[in-house]
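K.L.:
One structure follows; several queries about it will come next.
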């Protein structure tokens, strides 16, 4: 527990019961302060969240492009299947 000399001097002037109560309160305050997120920690967390948000945006764009490519591939396959069907029909006509 790190109390300033001024606080200690003032506590020594108090009745022992009151001093004990103040010490308990000060310990609780000190504990609470130790558990508070520091500004630097918050700023670091904010940067990390921004970085992750950028990554998610990039992934969404990559997903969109992949879906566009897949759509083009599906169209090409459908066109190839139609061309194959026409080729088979012509071969059948020639075979007759």
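K.L.:
Report, to the nearest 10°, how far helix 39-95 tilts away from the longest principal axis of the Cα atoms in the chain, using its own Cα long axis and a range of 0 to 90°.
P.N.:
Around 10 degrees separate the two axes.
K.L.:
Taking only the C-alpha atoms, wrap a convex hull around the stretch 38-95 and report its volume per residue in Å³ as a whole number.
P.N.:
Spread over its residues, the Cα hull of the stretch 38-95 gives 41 Å³ apiece.
K.L.:
While we're on this one: Would you calculate, for the chain, the mean residue ellipticity at 222 nm contributed by helices, counting each DSSP H stretch of 4 or more residues as -39,500 (n - 2.57) and dividing by all residues, to the nearest 500?
P.N.:
-32000 deg cm²/dmol
K.L.:
So between residue 6 and residue 91, what do we pick up on full extension, going 0.36 nm a residue minus the alpha carbon distance?
P.N.:
20.2 nm
K.L.:
A further question on this structure: So if R0 is 41 Å, what FRET efficiency would residue 28 and residue 53 give, r being the distance between their Cβ atoms, rounded to the nearest 0.05?
P.N.:
Calculated value: 0.65.
Any read-out appearing in this document is the output of simple, stated calculations on the displayed coordinates, not a laboratory observation. Bear in mind the structure is a predicted one, so any value in this text is a computation, not a measurement. No Cβ is skipped: glycine too gets one built from the backbone with ideal geometry, and neighbour counts run over all protein chains shown.
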